[in-house]
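One structure below.
The values are calculated or read from the model by the stated rules, or taken from the named source; none is laboratory data. Fair warning: this is a prediction, and the values are worked out from it, not measured in the lab. Here Cβ is always computed from backbone atoms with ideal geometry, including for glycine, and neighbour counts include all displayed protein chains.
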Amino acid sequence: MSVSSSSDNVRSVANQQVSKRISDEYLAGFVEGEGCFYIGFSKRQDLPLKWQVITEFRLSQNPGGKNILETFQKRLNCGILKPNHPKNPHDKSWVLVVRDRTDLKEKIIPFFKKHPLYSQKWQEFLVFAKVLEMIEKKIHLNQNGFSQIVKLVFDLPRTTHKRYSKEELISF
């Protein structure tokens, strides 16, 4: 056995032990600081309202905490783990991204309903869950429903740079 294989095996066993010790409550708390329930909008000329609603859960971490992202991914059995900003040579962080709406609905939402958040992020989660429910019911495909989603997103008490203004999104 080569030294690197032995070293890789030791690292793998250590990561498995860490994974087993990380509680769901710890993971939920980790999301408080490093997670994002993202709802965005993209222009799409092929859609009736010319807008697509984008939903994704993101959890990022520097390389030293990559094992936490791996644990979350394995625990919920969903998402893609990848470099956060691969074109930026100075950013070595990793991100776990869950975009699949079935995984969001059946894995992410139930996890956080069972392990609620205690910061402003809880409000963001509730809006995220509501928007996913509206999309499931296809409410986002009509002007009134889409406008409701835009209002929910823009009423969140957070300051982020948004690509489109509320007015741009709802001017049909």
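Before we move on, is Leu76 of a type in the set (A, V, I, L, M, F, W, C), surrounded by 15 or more Cβ atoms within 10 Å (Cβ to Cβ) and more than 28 Å from Gly145 (Cα to Cα)?
Yes, satisfied.
Quick one: is Ile54 closer than 21 Å to Arg158 by Cβ and either surrounded by 16 or more Cβ atoms within 10 Å (Cβ to Cβ) or in contact with a helix residue (DSSP H, G or I) (Cβ under 8 Å, 6 or more places away or on another chain) (or both)?
For Ile54, the condition - closer than 21 Å to Arg158 by Cβ and either surrounded by 16 or more Cβ atoms within 10 Å (Cβ to Cβ) or in contact with a helix residue (DSSP H, G or I) (Cβ under 8 Å, 6 or more places away or on another chain) (or both) - is not met.
List the number of the failed condition for Leu59; all other conditions in (1) of a type outside the set (Gly, Ala, Ser); (2) surrounded by fewer than 20 Cβ atoms within 10 Å (Cβ to Cβ); (3) in contact with a Gly (Cβ under 7 Å, 6 or more places away or on another chain) hold.
Failed condition: (2).
Search the stretch 90-110 for residues being of a type in the set (Val, Ile, Thr) and under 13 Å from Glu136 (Cβ atoms), and hand back the single one that is farthest from the chain's Cα centre (by Cα).
Narrowing the stretch 90-110 to residues of a type in the set (Val, Ile, Thr): 95, 97-98, 102, 108-109.
From the residues that got through so far, the ones that are under 13 Å from Glu136 (Cβ atoms) too are 102, 109.
Values: Thr102: 13, Ile109: 11 Å.
Checking each candidate, the answer is Thr102.
In the stretch 11-38, how many are at pLDDT 90 or above, assigned to a helix (DSSP H, G or I) and under 11 Å from Phe72 (Cα atoms)?
Result for the stretch 11-38: 6.
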